[in-house]
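Report on one structure; see the data block that follows.
The values are calculated or read from the model by the stated rules, or taken from the named source; none is laboratory data. Because the structure is a prediction, the values reported are computed rather than measured. Cβ placement follows ideal geometry from the backbone for every residue including glycine, while neighbour counts extend to all protein chains displayed. Note: accessible area is taken over every heavy atom of the protein model, side chains too, but ligands, DNA and RNA are not part of it. Shrake-Rupley method; radii C 1.70, N 1.55, O 1.52, S 1.80 Å.
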Amino acid sequence: MTADNETEIKEAFQRAQKGHNNKAKLVASLNSRYNKLEDKTLFHEEFVHYLKYAMIIYKREPTVENVIEFVVRFATSFQSPPKTEEEEEEEEEEEEEDDAEDDHPFLSFIFNFLLESHKASSHAVRFRVCQLINKLLGSMAENAQIDDDLFDRIHQAMLVRVTDKFPNVRIQAALAMTRLQQPKDADCPTINAYLLILENDTNAEVRRAVLSCIAMSPRTLPKVLKRTRDVKENVRKLAYQVLADKVHIKALTIAQRVSLLQQGLRDTSEAVREMVCSRVLPSWLLRVDGNIIELLHRLDVENCAQTALDTLKAIFKGQLTEELLQNRVQLDNRKLIPVDSLSCENVLYWRALCEFIKAKGDEGDEMLEQVLPDAATYANFLYGYLKAVPLLSEEQRADFNQLELVMTKEFISQQLIHLIGCLDTNEEGGRKRVFAVLQEMLALPHTPSSLVSLLTEKLLTLIPDDHRRIQTVAEIISDVREPIMTASQPVDENMSRRQQVQLAEVKVRIMEAKETLEECIAAQDFSRAAEFKDSITELENSRNQIIQKVAESNEPADKEIRSEKNDPETLLRCLTMCAELLKQMSFKTRIGPTISALMSSLILPSIANAHPAVRNMAVVCLGTCTLHSKELAKTHMVLLLQIAQLDEVKIRISALRAIIDLLLLFGFQLLSETAATQTALHSLSPDRQEEDAPVTEEKADAPEDTAQSILVMLSEFLDSEVSDLRTETAEGLAKLMYTGRISSAKMFSRLVLLWYNPVTEDDTRLRHCLGVFFQLYARESRVHQEVVEEGFLPTVRTLMNAPATSPLAEVDINNVVELLVELTRPSGLIKPSTNTEEVCVHDYLAVRMCGEMLKDPTAPEVRLYAKTLSNLELSRDETVKKDLQTLLQQLVQEVKDRVCLRALEKMVHQLVDSKEQAELLSPSALQPLDVNADEAATDDPSKSAKRAKRSQRKVCTAKGRKPSRRTESSEESDGENVPESVPLLRSSRRAKTAALEKTKLDLNTLINQEANVS
């Protein structure tokens, strides 16, 4: 090759580094030069020679990226332009006769060079090789073809690189395989590799890269769905984006659709929620032609009403006011949905629309009048629909079709009752009509039990006064349990017989008097005739009275009486109303005579009922009632404790909830004599009548103490095989500890072990509850961190001593220790202590671990403790440092393990030079992290990464603040070709310019230096 030609290649590479240069002209010029050459070998070698300068740079320098882009453009410029469909058909016919032409020599040469270099020891070279292959394959036309052997070689090389130890290399390798995957092949190696990465790769950016390029198929869809529950916000966000763009709503099952919406709309990240609202829902609506009712049909609204409401609310937020009114359900001239047209979907949409407009406040009042009638009209409509809901017998319930129809009507009824909250009840007539309808429906025996609680709730919202509420509900309960009934009395035959005799005697006397009257008239004795006429009139009146009495006695008499009903359905209905009343009552409202009467006549007798549902509701009522009276709580606490240990699981959980609520409100010593004396002493202060001192951990040698007995019971429940009982207990203990009612290191240790126990792996609620509790509890105050610190060693001992058959033997102790260290980190407190003389919690922890290591220097946990010491945030107190230094020097003399010795010696060195380190670290804390420091420092990436993390930790100690995980992960991956994450705060233009000047890299210096040497 001539010197002139060498200069042109070198010049092309030099000019390609400049971003403003036209790369198309460079490519065309070099391409023209290449085509004129007969021997291409020297050109190939020279081209690769200059390419190597860019490939040894790991950092994403603009100049290097420009060179990479130029190389890709030049290599793919030799491909023929995209062909039309007709040209492709002609080419296929020609290929049937002749073999297809091979790839262009230069393109094949570049690929061969890259594939030979992918196993290089330098991670920079491996990264650039994968990046170039990714860009080369991505720049080819859609209908481009490559040789089968080359395809297989690229495939095999990238399958190796997706397991590289550097995340950036794995990202580029995964992206490079995008066009190599075959979704229809059940055993496609690329798909297998992608699925493995999604499940197991620890780097979030690698998982994001795979999500962005994986092809959707029945096999890959479940794995993508699983990434919507990823621990990283960016991965979850991208998973929802991929599902919105690539997956049709019909490809998802109803359960999957509901799950996606339920998790996405309630995600802790605002970005994820926004992605669901702005991408997923519009995508699904587009697939159903914008018909929201049709979208609801694709969901199971009867079993996931709340998720459907959240979905509708999210849709409404993205619509204008005019669109809301245009898309309203089909209402008639009364502003009601006709009864024949009511369905689960349109009534739920109606409710969601009204509630959304109602939430706008005064702004939405005028709109609400257009979609909802006045209160009286709606009350009559509701009354008519509820009266039509049938009550099935046991035989009819066996018919699934009838049962399904009734359940649908009950669901519609529930939504219609919810709409009462949107009515304007300020007008007296409308409010009275609504009140009368609700009252009557509660009193009717055929009203479904599933509606009783909701009807009671809406009824109570119409009554502002608690005393009126109690009186109203008590009257309804009385009417339901003791309805007025008419009783008929049997006919008394003896009385009837006597009346018949009297009637006969009167008739005879009347006949005799009439005969005598006729004789007197005949004898013309008119005065006597007048007397007999008066007596006949009296006798006839007597006869009529007797006839009336006989008629009345022959008809059975009906009497109105009240008979008490004790069937399970009636009792459950009454207890449900009572429970709703007690929930709505204010804590300031004390237990009066009416509630006391309900307690004695309804609640307490129902606790012994044979029907489990009745017993459960009675326990709920009893627990709620005791919250309003401390004396009542003292009286029935023992009963609740017995129920929590002896009854069915559901009833035990209800009793346990009641116990936890009582302990949260009144304290642990509710029943003990100590608590009684303390209450008497504190009774002088009215502000403290309802407060008790927090219970500290008590000694195990006092089993008679009530507080200790309750703790023992709760501790036993944590070991229960019933997951619901175990979860409820853990949640209750977390509440008690967070509010300060318990301060127990042992109990905290139990909760940590329960959280890590593999047995609870499927218990999502338990894991989520404890995960949130640990963070909130430890960050709340230094006192809580001391509790965590006290539980550190017992937790580690339990895990170290766990037998091989125990599930705890599978727990990663390092992970547990890291958690406890993070929870006790002083910089993690919400309100750090202002007392500089106060000893740091990590200081105590360091002394404890040193003491534990001195007990047995040969124990296996010594290495764990030695490693943990370097992760602690130690205070600057000189006394503490001297004590720790003395302990560490003793350990250095006694510990024989080399790994431990190195860690301990390093710790001693840190303590000695801590002042100098603080001075060095404090200015450096303001400098940005160098994401490529590991390459310049050492060839060993694992050591450099450890050093980088350790330096970050020192900076945090000096500054009192933890680094964000986003900053840490940026050292390993840049996420090229992956959708962007949440943007950070933007720096000023001057700062950006200065930073860019510092990071500029010029390959010309390296190229010229090498040329001079040669």
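Could you list all residues from the stretch 892-905 that are part of a helix (DSSP H, G or I), open to solvent by less than 50 Å² (accessible area, probe 1.4 Å) and either farther than 15 Å from Thr868 by Cα or among the polar types (S, T, N, Q) (or both)?
Taking the stretch 892-905 and keeping what is part of a helix (DSSP H, G or I), we get 892-894, 898-905.
Now drop any that are not open to solvent by less than 50 Å² (accessible area, probe 1.4 Å), which leaves 892, 900-901, 903-904.
Passing the criteria: only Val892.
Looking at the structure I just gave you, is Leu604 touching a residue at least 40 places away in the same chain (Cβ under 8 Å) and not polar (S, T, N, Q)? Quick ask: steps written out before the conclusion?
Values: touching a residue at least 40 places away in the same chain (Cβ under 8 Å): no; not polar (S, T, N, Q): yes.
No.
For the structure I just gave you, tell me whether Ala75 is in a helix (DSSP H, G or I) and open to solvent by less than 10 Å² (accessible area, probe 1.4 Å).
Working: in a helix (DSSP H, G or I): yes; open to solvent by less than 10 Å² (accessible area, probe 1.4 Å): yes.
So Ala75 passes the test.
Among the numbered criteria (1) open to solvent by 60 Å² or more (accessible area, probe 1.4 Å); (2) over 23 Å from Val787 (Cα atoms); (3) at pLDDT 50 or above, which single criterion is violated by Glu716?
(2)
For Gln396, all conditions in the list (1) polar (S, T, N, Q); (2) open to solvent by less than 30 Å² (accessible area, probe 1.4 Å); (3) at pLDDT below 85 hold save one; what is the number of the exception?
(2) is the only condition that Gln396 fails.
Which residue pairs have Cβ atoms under 9 Å apart, sit 6 or more places apart or on different chains, and have a first residue in the stretch 619-641 that is under 15 Å from Phe668 (Cα atoms) and aliphatic (A, V, I, L, M) and a second that is at pLDDT 90 or above and outside any helix (DSSP H, G or I)?
Filtered contacts from the stretch 619-641: Ala633/Leu627.
Provide a single number: the residues in the stretch 254-290 that are open to solvent by 50 Å² or more (accessible area, probe 1.4 Å) and among the hydroxyl-bearing types (Ser, Thr, Tyr).
2
Kindly provide the set of residues from the stretch 12-37 that are assigned to a helix (DSSP H, G or I) and either open to solvent by 80 Å² or more (accessible area, probe 1.4 Å) or among the polar types (S, T, N, Q) (or both), ordered by number.
Gln14, Arg15, Lys25, Ser29, Asn31, Ser32, Asn35, Lys36
Between residues in the stretch 333-346 that are free of Cβ contacts under 8 Å to residues at least 24 places away in the same chain and residues that are surrounded by fewer than 17 Cβ atoms within 10 Å (Cβ to Cβ) and assigned to a loop (DSSP other than H, G, I, E, B), which pairs lie under 6 Å by C-beta distance while being six or more apart or on different chains?
Pairs found: Pro338/Asp332.
Does at least one position in the stretch 549-571 carry a residue that is under 22 Å from Arg469 (Cβ atoms) and of a type outside the set (Asp, Glu)? Walk me through how you get there before you give the answer.
If we filter the stretch 549-571 for residues that are under 22 Å from Arg469 (Cβ atoms), which is where we start, we get 570-571.
Retained after the next criterion (residues that are of a type outside the set (Asp, Glu)): 570-571.
There is at least one residue in the stretch 549-571 that is under 22 Å from Arg469 (Cβ atoms) and of a type outside the set (Asp, Glu).
Could you figure out which of (1) of a type in the set (A, V, I, L, M, F, W, C); (2) closer than 20 Å to Gln306 by Cα; (3) surrounded by fewer than 18 Cβ atoms within 10 Å (Cβ to Cβ) isn't true of Ala251?
Among (1) of a type in the set (A, V, I, L, M, F, W, C); (2) closer than 20 Å to Gln306 by Cα; (3) surrounded by fewer than 18 Cβ atoms within 10 Å (Cβ to Cβ), the lone unmet condition for Ala251 is (2).
Among the residues of the stretch 104-142, write down those that are of a type in the set (A, V, I, L, M, F, W, C) and not in a helix (DSSP H, G or I).
Taking the stretch 104-142 as the starting set, the residues that turn out to be of a type in the set (A, V, I, L, M, F, W, C) are 106-107, 109-111, 113-115, 120, 124-125, 127, 129-130, 132-133, 136-137, 140-141.
Ala120, Met140, Ala141, listed by residue number.
Yes/no per residue for (1) at pLDDT 85 or above; (2) in the same structural domain as Asp147 (by the TED database); (3) in contact with a strand residue (DSSP E or B) (Cβ under 8 Å, 6 or more places away or on another chain):
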site	(1), (2), (3)
Ile9	no, yes, no
Arg33	no, yes, no
His49	yes, yes, no
Met55	yes, yes, no
Glu92	no, no, no
Leu115	yes, yes, no
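Could you say whether any residue in the stretch 581-594 is open to solvent by less than 20 Å² (accessible area, probe 1.4 Å), in contact with a Ser or Thr (Cβ under 9 Å, 6 or more places away or on another chain), in a helix (DSSP H, G or I) and more than 23 Å from Gln471 (Cβ to Cβ)?
no
How many of the residues in the stretch 143-187 are assigned to a loop (DSSP other than H, G, I, E, B) and either surrounded by fewer than 17 Cβ atoms within 10 Å (Cβ to Cβ) or modelled with pLDDT under 85 (or both)?
Keep residues of the stretch 143-187 that are assigned to a loop (DSSP other than H, G, I, E, B), which gives 143-147, 162-166, 177, 181-187.
Subsequent filtering for residues that are either surrounded by fewer than 17 Cβ atoms within 10 Å (Cβ to Cβ) or modelled with pLDDT under 85 (or both) retains 143-147, 163, 165, 182-187.
Going through the stretch 143-187 one residue at a time, the tally reaches 13.
Among residues belonging to the stretch 631-649 that are touching a Lys or Arg at 6+ places or on another chain (Cβ under 9 Å) and not in a loop (DSSP other than H, G, I, E, B), point out the one that is least open to solvent (accessible area, probe 1.4 Å). Show your work before the answer.
First, the residues of the stretch 631-649 that are touching a Lys or Arg at 6+ places or on another chain (Cβ under 9 Å): 643-648.
Checking the rest, the ones that are also not in a loop (DSSP other than H, G, I, E, B) come to 643-646.
On the way: Ile643: 16, Ala644: 0, Gln645: 96, Leu646: 143 Å².
Step by step, filter the stretch 631-649, then rank; the result is Ala644.
What's the number of the only condition in (1) of a type in the set (A, V, I, L, M); (2) touching a Ser or Thr at 6+ places or on another chain (Cβ under 6 Å); (3) in a helix (DSSP H, G or I); (4) open to solvent by 40 Å² or more (accessible area, probe 1.4 Å) that Leu604 fails to meet?
Result: Leu604 fails condition (2) only.
State yes or no: is Ile293 surrounded by fewer than 15 Cβ atoms within 10 Å (Cβ to Cβ) and in contact with an Asp or Glu (Cβ under 7 Å, 6 or more places away or on another chain)? So that I can check it myself, show each step before the final result.
Working: surrounded by fewer than 15 Cβ atoms within 10 Å (Cβ to Cβ): no; in contact with an Asp or Glu (Cβ under 7 Å, 6 or more places away or on another chain): yes.
No, not satisfied.
Of the residues Lys40, Lys119, only one is modelled with pLDDT of 80 or more and of a type in the set (D, E, K, R); which? Please lay out each step first, then the result.
Values: Lys40 fails: modelled with pLDDT of 80 or more.
Just one listed residue meets the conditions, Lys119.
Pull up the stretch 325-367, narrow it to residues that are out of contact with any Leu (no Cβ under 6 Å at 6 or more places or on another chain) and small (Gly, Ala, Ser), then point me to the one that is least open to solvent (accessible area, probe 1.4 Å).
Out of the qualifying residues, it is Gly364.
Taking Leu641 as the residue in question, decide whether it is more than 20 Å from Ile595 (Cβ to Cβ) and modelled with pLDDT under 90. So that I can check it myself, show each step before the final result.
Working: more than 20 Å from Ile595 (Cβ to Cβ): yes; modelled with pLDDT under 90: no.
No: the conditions fail for Leu641.
Of everything in the stretch 331-375 that's small (Gly, Ala, Ser) and part of a helix (DSSP H, G or I), which residue is nearest to Leu299 (Cα to Cα)? Break it down stepwise before answering.
Pass one, the stretch 331-375, residues small (Gly, Ala, Ser): 341, 343, 352, 359, 361, 364, 375.
Narrowing the set further to residues that are part of a helix (DSSP H, G or I) leaves 341, 352, 361, 364, 375.
Numbers: Ser341: 19, Ala352: 15, Gly361: 30, Gly364: 28, Ala375: 31 Å.
Selected residue: Ala352.
Name the single residue, out of those in the stretch 749-795 being of a type in the set (Ser, Thr, Tyr) and surrounded by fewer than 21 Cβ atoms within 10 Å (Cβ to Cβ), that is nearest to the chain's Cα centre (by Cα).
Let us first name the residues in the stretch 749-795 that are of a type in the set (Ser, Thr, Tyr), namely 749, 756, 760, 764, 777, 781, 795.
Okay, now just the ones that are also surrounded by fewer than 21 Cβ atoms within 10 Å (Cβ to Cβ), so 760, 764, 777, 781.
Details: Thr760: 17, Thr764: 9, Tyr777: 20, Ser781: 26 Å.
Restricting to residues being of a type in the set (Ser, Thr, Tyr) and surrounded by fewer than 21 Cβ atoms within 10 Å (Cβ to Cβ), the top hit is Thr764.
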